[in-house]
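Remarks on the structure that follows.
The values are calculated or read from the model by the stated rules, or taken from the named source; none is laboratory data. Quantities reported herein were computed from a predicted structural model and do not represent experimental measurements. Methodologically, a virtual Cβ is constructed for each residue, glycine included, from the backbone with ideal geometry; neighbour enumeration extends over all protein chains shown. Side chains included, ligands, DNA and RNA excluded: accessible areas come from the protein's heavy atoms. Shrake-Rupley method; radii C 1.70, N 1.55, O 1.52, S 1.80 Å.
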Amino acid sequence: MELYSSIFTRKSTRNFTSTPLPDSKLKEIEAFIETVKPLIPAAKITYKLVGPEGVKGMGVPKAPHYFLIYGEEQQLRNTCAGFLFQHAELFLYSQGYATRWVGMIKPKESDADFIIGMAFGEPKEPAIRSLADFDRKPMKEISEGKDSRIEAARLAPSGLNGQPWYFIAKNGAIFVYRQKKINGLPGMMYKLTDLDVGIALCHLAVATEESGKEFEFLLSKGAPAAPDGFVYLGTVK
Ligand SMILES: Cc1cc2nc3c(=O)[nH]c(=O)nc-3n(C[C@H](O)[C@H](O)[C@H](O)COP(=O)(O)O)c2cc1C
């Protein structure tokens, strides 16, 4: 499955056709989600698959389908949600569909455990691009040390394109840090940098598996000190 190559070409869209995906395809996507190994074994993230009648919120793109993503309070809840549903995102792109994470979305039926939504469907124009068209921070701004997997994480999508992550590659491991607050006025209101890092961790997982190795995520005692404004989140082996 081409999850890995989707990392290098995917592009969020706000322009979906109104054509729903065939039921068989929706089932395939749901079956795929079941196969994703959670970031941490105890993670319990659930979702609903709804149409436009199931969502509300300002600036929500019109799409035939939405994932509404939920989880009770738990360790790294938002990070686990980002990790799981970025896999679904890449799966959709690998099948020629497109998506958009939507922080502004709300379920029609309110629920205290709601985290975030994702719009998806057929894009009106192909939702792909070349590497040069990714608007991302340069490698030296987000990392130190060398590990080719960090390029996949660098290209990950994030709310407000804030890219609130930092990676230190050392002795075969990647230490992962989360920026507490992203810059600028909109950034002051933004509360999902932990989810963004979960998305980047998904890209690291897919890149690790692409290289034929098993992805391992753990909390290390001796992680290098976090850069200013960042906190340590976990380590990838
Ligand atoms: C957690 C999260 C929340 C987002 N919320 C919104 C949103 O509310 N509205 C929107 O139009 N785009 C939203 N986006 C899409 C980002 O703006 C987009 O992913 C980012 O600008 C990078 O562009 P790309 O996905 O095409 O690489 C969100 C993305 C993420 C990851």
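So that you can scan it fast, the table gives a plain yes or no per residue for (1) farther than 22 Å from Ala156 by Cα; (2) without any contact (Cβ under 8 Å) to a residue 40 or more places away in the chain; (3) within 12 Å of the ligand (Cβ to nearest atom):
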position: Ile40; (1), (2), (3): no, no, no
position: Gly51; (1), (2), (3): yes, yes, no
position: Gly54; (1), (2), (3): yes, no, no
position: Met58; (1), (2), (3): yes, no, yes
position: Glu72; (1), (2), (3): yes, no, no
position: Leu90; (1), (2), (3): no, no, yes
position: Tyr93; (1), (2), (3): no, no, yes
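Within the group Leu76, Leu26, which residue is surrounded by fewer than 21 Cβ atoms within 10 Å (Cβ to Cβ) and among the hydrophobic types (A, V, I, L, M, F, W, C)?
Of the residues listed, the single one that is surrounded by fewer than 21 Cβ atoms within 10 Å (Cβ to Cβ) and among the hydrophobic types (A, V, I, L, M, F, W, C) is Leu26.
Quick one: which of Lys44, Lys62, Lys37, Lys48 is within 15 Å of the chain's Cα centre (by Cα), at pLDDT 95 or above and not in a helix (DSSP H, G or I)?
Only one candidate passes the filter, namely Lys37.
Those residues that are assigned to a helix (DSSP H, G or I) and surrounded by 16 or more Cβ atoms within 10 Å (Cβ to Cβ), I need them from segment 2-23; list them, please.
Scanning segment 2-23 gives Leu3, Tyr4, Ser6, Ile7.
Could you grab me the full set of residues in segment 96-138 that are surrounded by 18 or more Cβ atoms within 10 Å (Cβ to Cβ) and either of a type in the set (Lys, Arg) or in contact with a His (Cβ under 8 Å, 6 or more places away or on another chain) (or both)?
Listed by number, the residues that qualify are Arg100, Ala119, Phe120, Gly121.
Kindly list, by first and then second residue, each pair from a residue in segment 154-183 that is at positive phi to a residue that is of a type outside the set (D, E, K, R) and open to solvent by less than 10 Å² (accessible area, probe 1.4 Å), limited to pairs with Cβ atoms under 8 Å and residues at least 6 apart or on different chains.
Matching pairs, first to second residue: Leu160/Gly187; Gln163/Ile142; Gln163/Ala156.
For segment 12-19, check the following and say yes or no: at least one residue is small (Gly, Ala, Ser) and either within 15 Å of the ligand (Cβ to nearest atom) or within 18 Å of the chain's Cα centre (by Cα) (or both).
yes
Scan segment 142-200 for residues that are away from the ligand (no atom under 16 Å from the Cβ) and surrounded by fewer than 17 Cβ atoms within 10 Å (Cβ to Cβ) and jot them down.
Glu144, Gly145, Lys146, Ser148, Lys170, Asn171, Gly172
How many residues, within segment 205-231, are open to solvent by 70 Å² or more (accessible area, probe 1.4 Å) and within 18 Å of the chain's Cα centre (by Cα)?
Looking only at that region, the number is 3.
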